Ligand code: UDP
Ligand code: MG
């Protein structure tokens, strides 16, 4: 028996939480039941935890996490010094969890992702998989707009050569080894969905249906979604800047041809006072130039931010109890 416990993987379920006071009680209830069952069935070590990362919430999220931690041995908590956004909060959680866990699962705090898939994640971990992606089957619960925009986003990313897994968000399992490799990525513009497939190692996908949010509202309004998509594209792909160069090249060729045409007309002596064509070209070329400058600026801005190497988050408090088992005290 003792030997068994030592062989079981320590699992950590990392959940970033931003103003999730409405959803948290139900989430913690379901996760606790799941972890209790997994421990009872001897699938995971009793040291396993859920790690709730408070991403600078302004509601009662942290005091809830604190009280859950006192009463529930499966709950550990991490409080960040301010709101740093989903991706960084998730990274903070992953890097904290890997200090004690072997198998790290990330999931949103609103339980939109089917938690019964966690059994499969653990099964795959035991089969030697280092990364397992949770992939959404259907999007029946999403609005038409969300469905359409998400499809468009994934298709565009894949077309632009960004290595993302289609219909996979941040619901996944990673081994300690992979999270250690993730730590070596120093970039400030974090887009984990794009980074993790570049790490490699034995990986697989499991499929599930996405459900409704248990409570509270989406913390990803349209504006944040668009910024996220733009980050994803410009952090991983130089295709847009290349497309601009191609457009610029064709424009230059076209204007050369046009200049030649104007010159011939001039020699023939029938030049009209070409105000309209002149003004049109000025506006057109001006527009293209602005577009190019803006795009180049975007990449330069990225370089600027990356060169600062600013810290991505600060941990204010960490709550973590170690359950002392017989096996571990031997
Ligand atoms: N979240 C976060 N920081 C933020 C915004 C969101 O930690 O600044 C968390 C949020 O609490 C949730 C997850 O990120 O656990 C995904 O957010 P949400 O469910 O609002 O996004 P959606 O599912 O609507 O895309
Ligand atoms: Mg959600």
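Read-outs: derived from the displayed coordinates by stated rules, not from any lab. A quick note: this is a predicted structure, and the numbers were derived from the prediction, not measured. Methodologically, a virtual Cβ is constructed for each residue, glycine included, from the backbone with ideal geometry; neighbour enumeration extends over all protein chains shown.
Axis angle, to the nearest 10 degrees, between helix 86-97 and the longest C-alpha principal axis of the chain: 40 degrees. Under the criterion of Cα pairs below 8 Å and six or more residues apart, the relative contact order for the chain equals 23 percent. In the chain, helices alone account for a calculated mean residue ellipticity at 222 nm of -16500 deg cm²/dmol, with every DSSP H run of four or more residues adding -39,500 (n - 2.57). How far is helix 61-71 tilted off the main Cα axis of the chain, in degrees rounded to 10, range 0 to 90? Taking Cα atoms only, the helix is inclined about 20 degrees.
Across the range 173-315, the volume of the C-alpha convex hull divided among the residues equals 222 Å³ per residue. Classify the range 67-121 as rounded, prolate or oblate, taking a ≥ b ≥ c as the square roots of the eigenvalues of its Cα gyration tensor: rounded when a/c is under 1.5, otherwise prolate if a/b is larger than b/c and oblate if not. The shape class here is rounded. Which FRET efficiency, nearest 0.05, do residue 300 and residue 185 yield, Cβ-Cβ r, R0 22 Å? The pair residue 300/residue 185 has a calculated efficiency of 0.55.
Placing one equal scatterer on every Cα of the range 9-51 and applying the Debye formula, the log10 ratio I(q)/I(0) at q = 0.26 Å⁻¹ is -0.89. May I ask you to derive the FRET efficiency for residue 289 and residue 201 from their Cβ-Cβ distance with R0 = 45 Å, giving the value to the nearest 0.05? Calculated transfer efficiency: 0.50. The alpha-carbon atoms of the range 113-159, seen along their principal axes, cover 38, 26, 10 angstrom, with the largest extent given first. Shown here: the range 192-234, whose C-alpha atoms stretch 36, 29, 12 Å along the first, second and third principal axes, sorted largest to smallest. Each of residue 32 and residue 261 was given a label point 7 Å from its Cα along the Cα-to-Cβ line. The distance between the two points is 7.5 nm.
Residue order for 54, 119, fewest other beta carbons within 10 angstrom first, comes to 119, 54.
Spherically averaged projected area of the convex hull of Cα atoms, the chain: 21.2 nm².
In degrees, nearest 10, range 0 to 90: what is the angle between the Cα axis of helix 24-40 and the longest Cα principal axis of the chain? Compared with the principal axis, the helix lies near 60 degrees. Please work out whether the range 1-150 counts as rounded, prolate or oblate from its C-alpha gyration tensor, where a ≥ b ≥ c are the square roots of the eigenvalues and a/c under 1.5 means rounded, while otherwise a/b larger than b/c means prolate and anything else oblate? Oblate.
Restricting to bridges with both residues inside the chain, how much of the DSSP beta-bridge set is antiparallel, in percent to the nearest 5?
35 percent
Rounded to the nearest 0.05, the FRET efficiency derived from the C-beta distance between residue 213 and residue 6 at R0 = 51 Å is 0.85. For the range 60-216, what does the alpha-carbon gyration tensor say about shape, rounded, prolate or oblate, given a ≥ b ≥ c as the root eigenvalues, a/c under 1.5 as rounded, and a/b over b/c as prolate? It is rounded, given that a/c, with a ≥ b ≥ c, falls under 1.5. Within the range 1-73, the ratio Rg/Rh, alpha carbon atoms throughout and Rh by Kirkwood, equals 1.05. For the range 129-245, the calculated P(r) over all alpha carbon pairs, in 10 Å bins from 0 to the bin holding the longest distance, is 12, 40, 36, 12, 0 percent.
Note on 113, 4: ascending count of other Cβ atoms within 10 Å places them as 4, 113, the fewest first.
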